[in-house]
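The values are calculated or read from the model by the stated rules, or taken from the named source; none is laboratory data. As the structure is a prediction and not an experimental result, all values here were calculated from the model. Neighbour counts run over all protein chains shown; Cβ positions are idealised from the backbone, glycine included. With ligands, DNA and RNA removed, areas are computed over all heavy atoms of the protein, side chains included. Shrake-Rupley method; radii C 1.70, N 1.55, O 1.52, S 1.80 Å.
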Amino acid sequence: MAEVKLFRAWSSPFPLRIVWALEVKGIEYDMIYEDLSNKSSMLLQYNPVYKKVPVLLHKGKPISESLVILEYIEETWKSKTPSLLPGDPYQRAMARFWAKFGDDKILPLIWEAFIKQGKDQEEALIAAHENLKYLEVELRGKKFLGGETVGFADLTFGWLANLVSVFEEIAGVTLIDHEKFPLLLTWMKNFMDAPKIRETWPPRDKLINHFRALRETLIAKEPK
Amino acid sequence: MAEKVVLLDLWASMFGMRVRVALAEKGIKYEYREEDLKNKSDLLLQMNPVHKKIPVLIHNGKPICESLIIVQYIDEVWNDKSPLLPSDPYKRAQARFWADFVDKKVYDTGRKLWSTKGEEHETAKKELLEIFKTLEEELGEKPYFGGETFGFMDVAFVTFYSWFYAFETFGEFSMEAEHPKIIAWAKRCMQKESVAKTLPDQQKVYEFALGLRKRFLGE
């Protein structure tokens, strides 16, 4: 039995970041799947503040919040390569900045564009594109945000490679245009092809069914 | 090479204050530049094009943005004195988790106290008190959030102390009555020169917030 356990939900992109980090670094772990509509008492005990996945349990001690967990993994298994964060403090600050930018701006806006319709969707898409432009510029001359290998910021943005095409198929809208964002689309391909990444993706048809149902529920709840 | 450190900031920003406390803890000399957020300088727009926000630390010409990222950067570069993050990875994770909690919860809920009215205002007040309760439980009997010494999480939260009078007045509650442990902790932090010299007077901050309220509610 591994001394590392990861609480996750099969469809959620946040725990998937942790799966990638553990796999890429070759750290042994046990996976515990949560049903988010019926959370286990263990999850509620280990993450009483947010009651969410992912939670990493290491030697019985819980760590929550995906970016906090990624830093913990990097610091605890220092000898396991590849490093997720560079050694130089300025480069580390940049990696942390882009990761936070992704979670604070890109993810919520793409999600909005996916679950809304009409004018709300248009506005969310415009705002998403305004912000994605910065990412496109940042990718100039780079294979990954981390350089030659997948790093902290790449893992944080990884959901784009995994979920954008799923969202586009369900909502029938182009979220990331290959003409406007060629570098981003190349990055998504490179990310998918990086070692250990695609092997851990949930099956596409399952994701489509799950997010289609979720979108329909959310649209039905919208005030008319 | 002489280090050149510039901070673009706003005197009342609890986020900017975090950086000022960290710089003071480390004894770093820097140039402070006050920004007018209604008329942002070219330098700010150039150094933080993505968010166009303060604080921005410019170290030898290179910008770092986002207050907690800046504080970590300061801790890593000037690592010869006053460490802000502990050395143990688990304790570091706890410090980051709680600092992130403050970021996610305190500001957005707190600002509703001056930017909303009626039911929304009441809900915000209840939520804020719950948030402070959670923080108080986390503090427990420890002198600081980090344990025996002042650290990262203390830096992240103590700057909000300068806004307590504003919260209390707009929210119509008393922090001392509701959350005495937090007040005791804040006063303990205020005994440190880095904190006492950085945090502005609570009355001045309240007047600043009144100005914000006028803009939001048109009163």
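Couple of notes before you dig in:
- Sequence-separation-based contact order of segment B:1-158, relative, with Cα cut under 8 Å and 6+ spacing, percent: 22 percent
- With 30 Å² as the minimum drop in accessible area between chain alone and full protein complex (1.4 Å probe), the qualifying residues in segment B:77-117 are B:Pro89, B:Tyr90, B:Ala93, B:Arg96, B:Phe97, B:Lys104.
- Too-long pairs where the Cα-Cα distance tops 19 Å, listed order kept, from B:Lys142/B:Lys181; A:Lys61/B:Lys81; B:Lys104/B:Lys192: A:Lys61/B:Lys81; B:Lys104/B:Lys192
- Segment A:Asp88-A:Lys51, extension gain: residue separation times 0.36 nm, minus the distance between their alpha carbons: 9.9 nm
- Using the Cβ-Cβ distance between B:Lys4 and A:Lys133 with R0 set to 22 Å, the FRET efficiency works out to roughly 0.15.
- A versus B: buried accessible surface, summed, Å² (probe 1.4 Å, to nearest 100): 2400 Å²
- Computed magnitude of the charge dipole of chain B (debye, nearest 20; Cβ of K, R +1, Cβ of D, E -1): 480 debye
- Its residue count N fixes a reference of 2.2 N^0.38 Å for the protein assembly as shown, and the Cα radius of gyration divided by that reference is 1.00.
- Rolling a 1.4 angstrom probe over the protein heavy atoms with all chains in place gives chain B an accessible area of 46 Å² per residue.
- Looking at segment B:85-159, the trypsin sites (Lys or Arg not before Pro) that sit in a DSSP loop and have at most 13 other Cβ atoms within 10 Å of their own Cβ are B:Lys117.
- Taking the convex hull of Cα positions in segment B:1-147, its mean projected area over all directions (nm²): 10.5 nm²
- Under the Karplus curve 6.51 cos²θ - 1.76 cosθ + 1.60, θ = phi - 60°, whole-Hz ³J(HN,Hα) for segment A:162-168, x wherever Gly or Pro sits: 7, 10, 4, 5, 5, 4, 5
- Counting Cβ atoms of other protein chains within 10 Å of each residue's Cβ and taking the mean over peptide A:67-73 gives 4.
- With every protein chain in place, the protein assembly as shown: carbon and sulfur % of accessible area (1.4 Å): 51 percent
- The figure for A:Phe157 is an accessible area of roughly 0 square angstrom, using a 1.4 Å probe on the protein chains alone.
- Loop-located trypsin sites (Lys or Arg not before Pro) in segment A:1-60, at most 12 other Cβ atoms within 10 Å (DSSP): A:Lys59
- For B:Glu119 and B:Glu76, the difference between the fully extended length at 0.36 nm per residue and the C-alpha to C-alpha distance is 11.0 nm.
- Relative contact order (percent, whole number), segment A:1-50, Cα cutoff 8 Å, 6+ residue spacing: 44 percent
- Taking the Cα centre of segment A:46-96 as reference, the dipole from Cβ charges on Lys and Arg (+1) and Asp and Glu (-1) amounts to some 200 debye.
- Rg/Rh for segment A:11-123, where both radii come from Cα atoms and Rh is the Kirkwood radius: 1.02
- Chymotrypsin sites (Phe, Trp or Tyr not before Pro) within segment B:1-106, DSSP loop, no more than 16 other Cβ atoms inside 10 Å: B:Trp11
- Separation in nanometres of the label points that stand 7 Å from Cα toward Cβ, at A:Asn209 and A:Gln117: 2.4 nm
- When both segment A:77-128 and segment B:137-202 are represented by their alpha-carbon centers, they are found 31 Å apart.
- Anchor A:Lys119: aspartates and glutamates whose Cα lies under 20 Å away (excluding residues fewer than 8 positions away in-chain): A:Glu130, A:Glu168, A:Glu169, A:Asp177, A:Glu216, A:Glu222
- Column: log10 I(q)/I(0), Debye, Cα scatterers of chain A, q = 0.10 Å⁻¹: -0.47
- Under the convention that each Lys and Arg Cβ holds +1 and each Asp and Glu Cβ holds -1, the size of the dipole of the protein assembly as shown around its Cα centre is about 240 debye.
- Pair B:Asp201, A:Thr186: separation of 7 Å Cα→Cβ label points (nm): 5.8 nm
- With a simple spin-label model that places each label point 7 Å from the Cα along the Cα-to-Cβ direction, the separation between A:Asp103 and B:Glu137 comes to 2.2 nm.
- DSSP beta bridges fully contained in segment B:5-146 are about 65 percent antiparallel.
- Among the listed pairs B:Lys38/B:Lys91; A:Lys78/B:Lys4; B:Lys26/B:Lys53; A:Lys51/A:Lys221; A:Lys52/B:Lys187, those beyond 30 Å (Cα-Cα): B:Lys38/B:Lys91; A:Lys78/B:Lys4; A:Lys52/B:Lys187
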